[in-house]
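The values are calculated or read from the model by the stated rules, or taken from the named source; none is laboratory data. What you see is a predicted model, and the numbers here were worked out from it, not measured in a lab. Cβ placement follows ideal geometry from the backbone for every residue including glycine, while neighbour counts extend to all protein chains displayed. For the accessible areas, the whole protein counts, side chains as well, though only heavy atoms, and no ligand, DNA or RNA atoms are used. Shrake-Rupley method; radii C 1.70, N 1.55, O 1.52, S 1.80 Å.
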Amino acid sequence: LAFDRLGPVPAERIVRSVSFDAGISKALRNGLSFTSHVQLQSTEQVFQDKPKDPLFGGLEVSDQFTSLASMTVNVPLGKGRGRVSAGASERFAELASRAQREQLRHVVSEQVFRAVLAYVNLVAAQDRLRLLEESLVRQEGLVELTEQLSAAGDVTLVEIGRANARAAQMRGEVLDGQLSVLAARIGLAQVMGLEMNSLAEAPLAVETFADVSQDLLLFEMSADQAVSARRDLKALQYLQDASRVFAAAAESDLKRRIDLSTSIGLSSLYESPFFAA
């Protein structure tokens, strides 16, 4: 009966194994680092076409379930316990971010200054053209008065020529003023980023120069104060500090490394009892 239960000699041995591994590693800003690992595994061994029970020809090996958990703490004793190297990237990123913000503020201030300057130039060109046009009207009036005086015999023909020459010169200045206004309008449109299909779409200044208070004329700023207020200079200072951070980290990495590593772990093994198939 026992031989009948064992049956024929098995031809193949089957091993089934399932495992799960997980790990995590974390480096802190002060240079400490933690590493943890978990492993779960199960192993089953059977003969082909045989039940697990050894009484019926099964393999006399129980199913095994193993587990392992460990954690390691690494403390760098040298190099300032790793603070310089571990936090270099974060400090560099922070300083570089500040530099970019200061550079952005400088670009914004620069663009605002360019827009204000272009608008002021347009106001000046329009006021100059207005004054030139008023002067041309007066010169043309003087030409008419000179012609009337010449008809009355009070002045010579030379005075008429002089008056006409001054009027012609003033007409040329008016034309130059019109070109200056057109150039100022185009310059303001370019600074503002406007798209123009024709020159008529160029902006015009709707205001004139205001009266300047005497208190504003007393405002003074030294060259050192002006330079210290520049945002691009502050951006360069932040970039310089960021480079110093990496230089200090590289210098620290050249030193000898002495680490204290502590590990703890737990492992278990469970074997299941035999059972009949």
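Things worth noting here:
- Test for Gly193: is it out of contact with any Leu (no Cβ under 6 Å at 6 or more places or on another chain), under 30 Å from Asp232 (Cα atoms) and open to solvent by less than 50 Å² (accessible area, probe 1.4 Å): no
- Counting only strands (runs of 3 or more DSSP E) wholly contained in the range 1-95, the ones carrying 2 or more residues that are open to solvent by 50 Å² or more (accessible area, probe 1.4 Å), free of Cβ contacts under 8 Å to residues at least 60 places away in the same chain and within 30 Å of Arg257 (Cβ to Cβ) occupy 13-27, 33-47.
- Of note, Val116 does not satisfy the criterion of being closer than 30 Å to Ile258 by Cα and either in contact (Cβ under 8 Å) with a residue 60 or more places away in the chain or within 38 Å of the chain's Cα centre (by Cα) (or both).
- Identity of the residue in the range 220-239, in a loop (DSSP other than H, G, I, E, B) and open to solvent by less than 100 Å² (accessible area, probe 1.4 Å), that ends up modelled with the highest pLDDT: Ala229
- Residue ID - nearest to Gly187 (Cα to Cα), chosen from residues in the range 96-135 that are among the charged types (D, E, K, R) and open to solvent by less than 30 Å² (accessible area, probe 1.4 Å): Asp127
- The residue list Gly265, Gly187 contains one member that is in a helix (DSSP H, G or I), more than 30 Å from Val84 (Cα to Cα) and at pLDDT 85 or above, which is Gly187.
- Test for Ala151: is it modelled with pLDDT of 90 or more, exposed (fewer than 13 other Cβ atoms within 10 Å of the Cβ) and more than 30 Å from Leu236 (Cα to Cα): no
Matching residues to (1) in contact with a strand residue (DSSP E or B) (Cβ under 8 Å, 6 or more places away or on another chain); (2) open to solvent by less than 80 Å² (accessible area, probe 1.4 Å); (3) of a type in the set (Phe, Trp, Tyr):
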{"residue": "Asp241", "(1), (2), (3)": "no, yes, no"}
{"residue": "Val245", "(1), (2), (3)": "no, yes, no"}
{"residue": "Ala248", "(1), (2), (3)": "no, yes, no"}
{"residue": "Ser252", "(1), (2), (3)": "no, yes, no"}
{"residue": "Ile258", "(1), (2), (3)": "yes, no, no"}
{"residue": "Tyr270", "(1), (2), (3)": "yes, no, yes"}
{"residue": "Pro273", "(1), (2), (3)": "no, no, no"}
